[in-house]
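This report concerns only the one structure given below.
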There are 2 protein chains.
Amino acid sequence: MSSDDTPNQPSRPARRGFLKAGAALGASLGAGAATSGLAQAAEAKHHAMSADPMLAVEPFYGEHQGGIVTPQQAHTYVAAFDLTTISRDDVINLLRKWTESAARMSQAHPAAALDYSGDDHPAADSGDVLGLGPAGLTVTFGFGPGLFTSQDKDRYGLAHKRPAALVDLPRFNGDQLIAQKTGGDLFVQACANDAQVAFHAVRQLARQGYGILTMRWGQAGFLSGPRAQTPRNLMGFKDGTNNPPTTDPKAMNQFVWATAADAPWMQGGTYTVVRRIRITLEHWDQMELGFQEQVFGRHKYSGAPLGQKKEFDNVDLNAQDKDGNPQIPENSHVRLSNRASNNGAQILRRSYSYNDSTDFYIERWPPWRQETEYDAGLIFIAHQGDPRTGFIPINERLAKFDMMNQFTTHVGSAVFACPPGAKAGSFIGAELFSA
Amino acid sequence: MSSDDTPNQPSRPARRGFLKAGAALGASLGAGAATSGLAQAAEAKHHAMSADPMLAVEPFYGEHQGGIVTPQQAHTYVAAFDLTTISRDDVINLLRKWTESAARMSQAHPAAALDYSGDDHPAADSGDVLGLGPAGLTVTFGFGPGLFTSQDKDRYGLAHKRPAALVDLPRFNGDQLIAQKTGGDLFVQACANDAQVAFHAVRQLARQGYGILTMRWGQAGFLSGPRAQTPRNLMGFKDGTNNPPTTDPKAMNQFVWATAADAPWMQGGTYTVVRRIRITLEHWDQMELGFQEQVFGRHKYSGAPLGQKKEFDNVDLNAQDKDGNPQIPENSHVRLSNRASNNGAQILRRSYSYNDSTDFYIERWPPWRQETEYDAGLIFIAHQGDPRTGFIPINERLAKFDMMNQFTTHVGSAVFACPPGAKAGSFIGAELFSA
């Protein structure tokens with residue numbers, strides 16, 4: 001129920017007043033904003049082609065979920081939740097609500113229509129992104145192993161629908177996983193061109209689940225890159241150069257989209273691995289440039305494979321220097337993670353840097369200092385058709401041999417089945433819950 | 001020493017090659033880049049008027065330090081360091097180096113000139129902001145009490161120069177300070193329109209101090225606001241509406257710039273208070289809109305004082321509703337922090353939201369849950385001519401009576417004397433160390 005902009009309610013603008021006041025484009029706080037929503041969406045779509053990343057709009061509904069092959073936005077907030085309800089209907093209703101809210105927020109609407117009918121309940125949206133615009137928001141949902149079986153219980157009658165590809169990740173060499181940053185029954189990844197817009201989306205969805213879930217972990221991330229260039233991670237190297245091309249449907253069907261016959265409800269979805277990788281930047285920064293390049297197997301400034309000149313030059317694992325040594329070292333990151341070293345496997349990396357400021361830390365390497373250190377690194381996110389031929393074998397090799405391990409510690413880990421996109425009127429995961 | 005772009009050194013572009021390749025404008029990795037630096041600066045200045053915030057350039061040298069009355073950039077990284085050296089010259093040399101590096105980075109140059117002469121030492125810059133542009137970077141330096149006296153020792157012969165205004169902050173009601181997020185001998189605040197550019201600046205400066213200091217705390221922050229409007233904090237309310245006008249030199253001289261005669265070296269400087277304020281967003285989001293507005297004393301969506309219609313309408317503390325009750329509640333944030341409630345005192349708030357993801361937290365309020373919660377809130381930053389008439393009395397009142405305290409916990413705290421700006425060729429704090 002909308003109120004008029006009367007003197008008794010000066011803080012509660014009618015939709016028209018609000019649109020005029022607040023949102024150059026973008027956020028609508030009004031209830032029953034369907035019409036204006038469509039108009040806004042059209043206007044926003046027009047603006048999506050403009051340069052202002054705050055005005056970009058990504059579609060929510062479609063064959064695939066957004067945020068997978070979507071060109072990477074500048075910020076993310078990813079989170080995992082544990083379900084506490086034992087009711088299948090609770091889960092379905094939550095997913096319906098999440099679907100609708102995510103679609104609304106991607107158009108810069110509040111998570112649910114606000115009403116001004118009184119003070120007997122909290123507002124449906126925290127209001128902190130009012131006027132910021134859609135900012136290219138995508139919201140991607142995923143299902144962890146616990147949705148299917150939790151402590152040997154089939155809480156929602158879904159155990160028989162668990163895909164073989166949704167494996168529990170093995171323990172990798174060097175893993176230092178923190179329980180409170182690992183796992184989760186449900187996954188939400190919000191990506192946007194603004195930090196507050198991304199966090200806002202997760203925060204509204206989390207709140208809609210109060211009483212039937214608890215938050216397991218949340219993680220903010222960001223990515224800084226000159227437009228149309230491969231961004232550099234906090235180690236100063238370009239990250240993502242050798243990704244399979246998202247514009248090539250054949251490559252995406254081969255490597256990213258799920259196709260296994262045992263889980264028809266996952267057709268058009270993907271399996272997503274998330275790893276929180278802390279990087280000891282203090283140590284890394286003290287390493288000579290040449291050593292850093294040996295670790296990566298690439299030149300730092302150009303991004304070219306060692307011995308090559310340009311970023312996208314072919315990674316030639318057989319190239320030798322004049323003394324007959326491999327140009328790209330045996331234990332370099334690029335060699336170990338390369339397709340040719342992994343039976344042709346490829347994964348679509350869509351990682352973000354993270355920067356959770358500092359904490360007091362006890363190092364596991366000489367000089368074994370105990371001190372305040374950066375709690376920063378990489379929130380590694382990778383999509384693939386099957387982790388058993390994607391992330392798992394690749395990371396098993398990396399975990400054992402990668403020179404980079406001196407500087408990185410995997411402290412969080414999770415794997416999720418991200419179902420295909422929803423049709424308007426339906427909800428994410430509908431096919432999993434049907435029949 | 002610059003190298004040519006020969007096949008032997010394919011990853012190390014000559015300056016010209018680099019400029020062509022990497023930096024539309026912005027970062028120069030070349031050694032001896034003084035000439036190109038000036039040219040770039042001129043070009044950057046031209047671009048500063050363009051809309052792209054990555055191309056904005058803020059001057060480093062000047063009467064005042066940047067980052068105080070500078071229009072607020074979108075991101076910050078603030079940090080405090082403890083000096084471990086006992087050498088006055090070490091401190092002076094560090095400040096010289098910091099000054100020069102900060103000036104360079106504000107022009108999108110690397111922290112120090114890179115040379116390509118060999119691999120016997122680490123590169124002078126981590127390289128992770130290569131090509132990103134200056135992004136409006138400002139770097140602001142401050143001196144904590146420990147620079148003057150530390151554990152009763154006058155390590156650097158500065159004890160007699162400590163200004164009376166650089167007080168140790170008292171313990172405030174409700175303080176839950178964490179030692180590892182509190183205090184510090186030296187302060188660095190980097191603000192920029194990009195998260196990585198801000199963090200990069202602090203990271204390079206921190207590294208220059210290895211061996212003579214340790215990091216005490218670091219904190220990333222951000223601010224999302226529609227252009228030319230007061231941004232909203234994570235509670236959804238506009239923050240900073242009633243700031244003294246930074247464009248009014250008289251107001252700045254009255255409230256912000258230090259003028260006390262006991263510390264001539266601080267003339268044109270300011271005293272900066274930093275508080276890390278965690279906000280229980282989970283609870284806040286469950287509060288009714290009307291209650292939230294009572295807490296703030298403002299309407300949420302418009303930002304107007306309660307009973308008024310527009311954000312910048314006058315805060316009338318005497319206004320009553322039809323029943324004779326105060327329009328702006330006795331214990332509301334706006335009333336308690338208002339100038340009229342504080343003997344005319346004003347401070348210049350230049351705060352950022354922070355979002356350090358989540359941690360496992362034990363709540364101090366009902367329902368006393370132990371669970372994963374947002375580690376998010378406000379990195380409160382306030383500048384003033386004297387904290388004894390600024391932050392301290394204002395916060396003493398707030399700490400006792402502010403209704404907002406139900407949702408906020410002060411977990412970090414620091415106070416610094418930020419000296420005036422440096423002249424080109426000199427360094428920050430030169431007058432403190434002269435004679």
Strands (runs of 3 or more DSSP E) enclosed by the stretch A:351-425 - at least 3 residues per element that are β-branched (Val, Ile, Thr): A:370-384, A:408-418
Filter result for residue B:220 (within 13 Å of another protein chain (Cβ to nearest Cβ) and outside any loop (DSSP other than H, G, I, E, B)): yes
Unique residue being away from chain B (no Cβ under 13 Å), under 30 Å from residue A:359 (Cα atoms) and not basic (Lys, Arg) when the list is A:256, A:273: A:273
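If you check B:238, B:181, which single one turns out to be more than 17 Å from the chain's Cα centre (by Cα) and of a type in the set (Lys, Arg)? Explain how you work it out, then say what you get.
Details: B:181 fails: more than 17 Å from the chain's Cα centre (by Cα).
Within the list B:238, B:181, the selection yields B:238.
Look through the stretch B:362-374, keep the residues that are surrounded by fewer than 16 Cβ atoms within 10 Å (Cβ to Cβ) and at the interface with chain A (Cβ under 10 Å from one of its Cβ atoms), and return whichever of them is modelled with the highest pLDDT.
Step one: of the stretch B:362-374, the residues surrounded by fewer than 16 Cβ atoms within 10 Å (Cβ to Cβ) are B:362-371.
Now drop any that are not at the interface with chain A (Cβ under 10 Å from one of its Cβ atoms), which leaves B:369, B:371.
Numbers: B:369: 73, B:371: 89.
Top of the filtered list is B:371.
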Boolean, residue A:235 is hydrophobic (A, V, I, L, M, F, W, C), more than 13 Å from chain B (Cβ to nearest Cβ), outside any strand (DSSP E or B) and surrounded by 16 or more Cβ atoms within 10 Å (Cβ to Cβ): no
Selected residue (criterion: farthest from the chain's Cα centre (by Cα)) from residues of the stretch A:51-79 that are surrounded by fewer than 21 Cβ atoms within 10 Å (Cβ to Cβ) and among the hydroxyl-bearing types (Ser, Thr, Tyr): A:61
The listed residue being free of Cβ contacts under 8 Å to residues at least 24 places away in the same chain and buried (at least 18 other Cβ atoms within 10 Å of the Cβ), out of A:358, A:408: A:358
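Go through A:168, A:175, A:115 for me and flag whichever is within 28 Å of residue B:288 (Cα to Cα) and assigned to a loop (DSSP other than H, G, I, E, B). Walk me through how you get there before you give the answer.
Working: A:168 fails: within 28 Å of residue B:288 (Cα to Cα); A:175 fails: within 28 Å of residue B:288 (Cα to Cα).
On inspection, the qualifying residue turns out to be A:115.
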Looking only at the stretch B:301-342, and only at residues there that are in contact (Cβ under 8 Å) with a residue 60 or more places away in the chain and farther than 23 Å from residue B:397 by Cβ, the one that is surrounded by the fewest Cβ atoms within 10 Å (Cβ to Cβ): B:312
Cβ pairs under 8 Å, 6+ apart, first in the stretch A:167-178 and over 12 Å from residue A:275 (Cβ atoms) and outside the structural domain of residue A:412 (by TED's automatic domain parsing), second loosely packed, with under 14 Cβ neighbours inside 10 Å and of a type in the set (Phe, Trp, Tyr): none
Filtered residues of the stretch B:72-115 (kept if touching a helix residue (DSSP H, G or I) at 6+ places or on another chain (Cβ under 8 Å) and hydroxyl-bearing (Ser, Thr, Tyr)): B:76, B:77, B:85, B:101
Pair list, Cβ under 8 Å, 6 or more apart: the stretch A:80-96 residue within 22 Å of residue A:140 (Cβ to Cβ), other residue crowded, with 21+ Cβ neighbours inside 10 Å and of a type in the set (D, E, K, R): A:80/A:185; A:80/A:216; A:81/A:185; A:81/A:216; A:82/A:185; A:82/A:216; A:83/A:185
Any chance residue B:353 is surrounded by 15 or more Cβ atoms within 10 Å (Cβ to Cβ), under 19 Å from residue B:219 (Cβ atoms) and either more than 24 Å from the chain's Cα centre (by Cα) or not hydrophobic (A, V, I, L, M, F, W, C) (or both): yes
Answer from A:227, A:276, A:203 - the residue that is crowded, with 21+ Cβ neighbours inside 10 Å and either part of a strand (DSSP E or B) or modelled with pLDDT under 95 (or both): A:276
Conditions (1) crowded, with 24+ Cβ neighbours inside 10 Å; (2) within 23 Å of residue B:355 (Cα to Cα); (3) out of contact with any Gly (no Cβ under 9 Å at 6 or more places or on another chain); number of the one not met by residue B:391: (2)
Residue under evaluation residue B:125, criteria (1) assigned to a loop (DSSP other than H, G, I, E, B); (2) free of Cβ contacts under 8 Å to residues at least 60 places away in the same chain, criterion not met: (2)
The stretch B:302-344, residues that are in a loop (DSSP other than H, G, I, E, B) and closer than 30 Å to residue B:198 by Cβ: B:303, B:311, B:312
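The values are calculated or read from the model by the stated rules, or taken from the named source; none is laboratory data. As the structure is a prediction and not an experimental result, all values here were calculated from the model. Don't worry about glycine lacking a Cβ; one is built from the backbone with ideal geometry, like all the others, and counts go over all protein chains shown.
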